[in-house]
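The values are calculated or read from the model by the stated rules, or taken from the named source; none is laboratory data. None of the values given here were measured: they were computed from a predicted structure. With ideal geometry, Cβ positions are generated from the backbone for all residues, glycine too; neighbour counts draw on all protein chains shown.
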Amino acid sequence: MNTNLIYASVLGAFCALTACSEAPSNADAMEQKVDNAMEDLRAGKDDMSRELRDLREDLAVELTKAEERLKDPALTAEERTEWEAVKADVNEQIARLDANLNDVESATAETWNDVKAGTKQTTDDVGNWFQRQAEKIDKKTDADKDNDGH
């Protein structure tokens, strides 16, 4: 009976020692997972922010072009109306990008997937906006500068 008691005590001590030695490694592993997730979030936010800022810079160039054209006193009323519409459209696209940039910068781990999806949609839309502008120019000039057939 004493031997069973000794075996039980040794077994209990062994289990306690094993549990204590594994606890820090579990905590370390969990901390590493959290650190990796946070780093992935930061990297994703940085990439999205960079893409939004690049698109915004391209739109700023378009806005400057529109504003310069509107300064031309030789513009007809129809041309002025068209350039004012372009300027308003560019300002609308810039506002969308600014709102998304704000969302990206304030996103948390819990909201990141939704923000990322919304931002992807916006960047696609703005990219398509540039494509539509090229198509409008092609149609007006019969130039087909992008060689897409129209």
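Scanning the stretch 86-113 for residues that are assigned to a loop (DSSP other than H, G, I, E, B) and of a type in the set (A, V, I, L, M, F, W, C) turns up ALA107, ALA109.
Evaluate the stretch 74-81: report whether one residue or more is surrounded by 12 or more Cβ atoms within 10 Å (Cβ to Cβ), part of a helix (DSSP H, G or I) and touching a residue at least 12 places away in the same chain (Cβ under 8 Å). The answer is no, given that none of the residues of the stretch 74-81 is surrounded by 12 or more Cβ atoms within 10 Å (Cβ to Cβ), part of a helix (DSSP H, G or I) and touching a residue at least 12 places away in the same chain (Cβ under 8 Å).
Those residues that are touching a residue at least 60 places away in the same chain (Cβ under 8 Å) and acidic (Asp, Glu), I need them from the stretch 41-73; list them, please.
Here is the first cut: in the stretch 41-73, the residues touching a residue at least 60 places away in the same chain (Cβ under 8 Å) are 41, 44-45, 48, 51-52, 55, 58-59, 62.
Of everything in the stretch 41-73, those that are touching a residue at least 60 places away in the same chain (Cβ under 8 Å) and acidic (Asp, Glu) turn out to be GLU51, ASP58, GLU62.
Assessment of the stretch 115-126 against the conditions (modelled with pLDDT under 90, assigned to a helix (DSSP H, G or I), of a type in the set (A, V, I, L, M) and surrounded by 13 or more Cβ atoms within 10 Å (Cβ to Cβ)) yields at least one matching residue. Could you tell me whether any residue of the stretch 37-44 is assigned to a helix (DSSP H, G or I), within 27 Å of PHE130 (Cβ to Cβ) and not β-branched (Val, Ile, Thr)? Yes, because at least one residue in the stretch 37-44 is assigned to a helix (DSSP H, G or I), within 27 Å of PHE130 (Cβ to Cβ) and not β-branched (Val, Ile, Thr).
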